Amino acid sequence: MTTRPNVNELLEAGFGMGGERLAVLDLVDTELLVPDPSIDLLEPAGQRDKWWALQASRVPEGPVPDAAATRRVRSAAREVLDAHLTGRRPQATAIEDLNAASSSAPQSVRLSADGQFEVRYHPEYGGNAKLASIARETIELLADAEQLALLRRCANPECSMLFLAEHKRRQWCVGSICGNRTRVARHYEKTRKQS
Ligand SMILES: [Zn+2]
């Protein structure tokens with residue numbers, strides 16, 4: 001459950017970003033917030049299925065959650081992460097939504113026949129295991145000061161992507177895309193002012 005999806009596969013499938021250490025970051029990055037109105041990369045439904053399929057190595061098995069439930073967890077995660085980044089208190093409804101998703105498919109640990117550690121999700125309580133695992137990941141991230149200190153929003157002002165800067169100098173979501181675009185724009189600004 002810890003293998004990351006390949007960023008190139010996600011980009012080729014039409015997602016602006018992906019392959020981050022946590023699935024929750026890939027999920028929040030499926031909504032582009034700078035365009036008005038924002039762009040939902042999980043639409044249409046075919047894209048949503050494709051995204052969950054690409055995350056299969058690190059989310060529990062089970063049905064793909066419906067669009068509304070996915071959006072609710074994505075907005076809640078975005079809200080608590082943005083609140084952290086801007087130093088404000090998150091909206092209470094976002095915290096409630098995350099807690100509801102996390103507890104909707106509770107987990108238990110067990111030992112497999114060959115002695116391996118296994119986590120089981122219990123969707124029989126009416127929830128969705130995939131969303132429960134992403135909500136749990138969000139809660140664990142917020143509770144982990146060391147990881148949380150690495151949370152960044154892309155340095156490109158036209159980009160809303162979030163990521164964990166595993167290398168301290170990382171500023172861009174995808175350096176080859178946003179980094180270049182921003183460097184080109186800055187260079188253009190500079191030469192334009194000079195002329
Ligand atoms: Zn970016």
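The values are calculated or read from the model by the stated rules, or taken from the named source; none is laboratory data. Because the structure is predicted, anything quoted here is derived from the model rather than measured. We place every Cβ from the backbone using ideal geometry, glycine too, and count neighbours over all the protein chains shown.
Can you tell me which of S38, S57 is of a type in the set (S, T, N, Q) and touching a strand residue (DSSP E or B) at 6+ places or on another chain (Cβ under 7 Å)? Steps first, answer last, please.
Details: S57 fails: touching a strand residue (DSSP E or B) at 6+ places or on another chain (Cβ under 7 Å).
After ruling out the rest, the residue left standing is S38.
Screening E158 on (1) closer than 27 Å to L32 by Cα; (2) at pLDDT 95 or above shows it passes everything except condition (2).
Return a yes/no flag: does the stretch 81-103 have any residue that is over 20 Å from G127 (Cα atoms), modelled with pLDDT under 95 and of a type outside the set (K, R).
Restricting attention to the stretch 81-103, the residues satisfying the condition of being over 20 Å from G127 (Cα atoms) are 81-92.
Keeping just the survivors that are modelled with pLDDT under 95 gives none.
No: the stretch 81-103 contains no residue that is over 20 Å from G127 (Cα atoms), modelled with pLDDT under 95 and of a type outside the set (K, R).
The one condition from (1) away from the ligand (no atom under 16 Å from the Cβ); (2) in contact (Cβ under 8 Å) with a residue 40 or more places away in the chain that S108 does not meet is (2).
Return the only residue of A113, A100, A129, A105 being of a type in the set (A, V, I, L, M), surrounded by fewer than 18 Cβ atoms within 10 Å (Cβ to Cβ) and under 24 Å from W51 (Cβ atoms).
Numbers: A113 fails: under 24 Å from W51 (Cβ atoms); A129 fails: surrounded by fewer than 18 Cβ atoms within 10 Å (Cβ to Cβ); A105 fails: surrounded by fewer than 18 Cβ atoms within 10 Å (Cβ to Cβ).
Going through A113, A100, A129, A105 in turn, just one is of a type in the set (A, V, I, L, M), surrounded by fewer than 18 Cβ atoms within 10 Å (Cβ to Cβ) and under 24 Å from W51 (Cβ atoms): A100.
The single condition from (1) at pLDDT below 95; (2) in a helix (DSSP H, G or I) that E118 fails is (2).
Can you name every residue in the stretch 111-131 that is touching a residue at least 12 places away in the same chain (Cβ under 8 Å) and closer than 20 Å to A23 by Cα?
V119, R120, Y121, H122, P123, G127, N128, A129, K130, L131
Being assigned to a loop (DSSP other than H, G, I, E, B) and within 12 Å of the ligand (Cβ to nearest atom) is the filter here; which residues of the stretch 166-183 pass it? If the condition is that a residue be assigned to a loop (DSSP other than H, G, I, E, B) and within 12 Å of the ligand (Cβ to nearest atom), then R170, Q171, W172, C173, V174 are the ones that fit. When restricted to residues that are away from the ligand (no atom under 16 Å from the Cβ) and farther than 26 Å from N99 by Cα, the stretch 134-165 contains 0.
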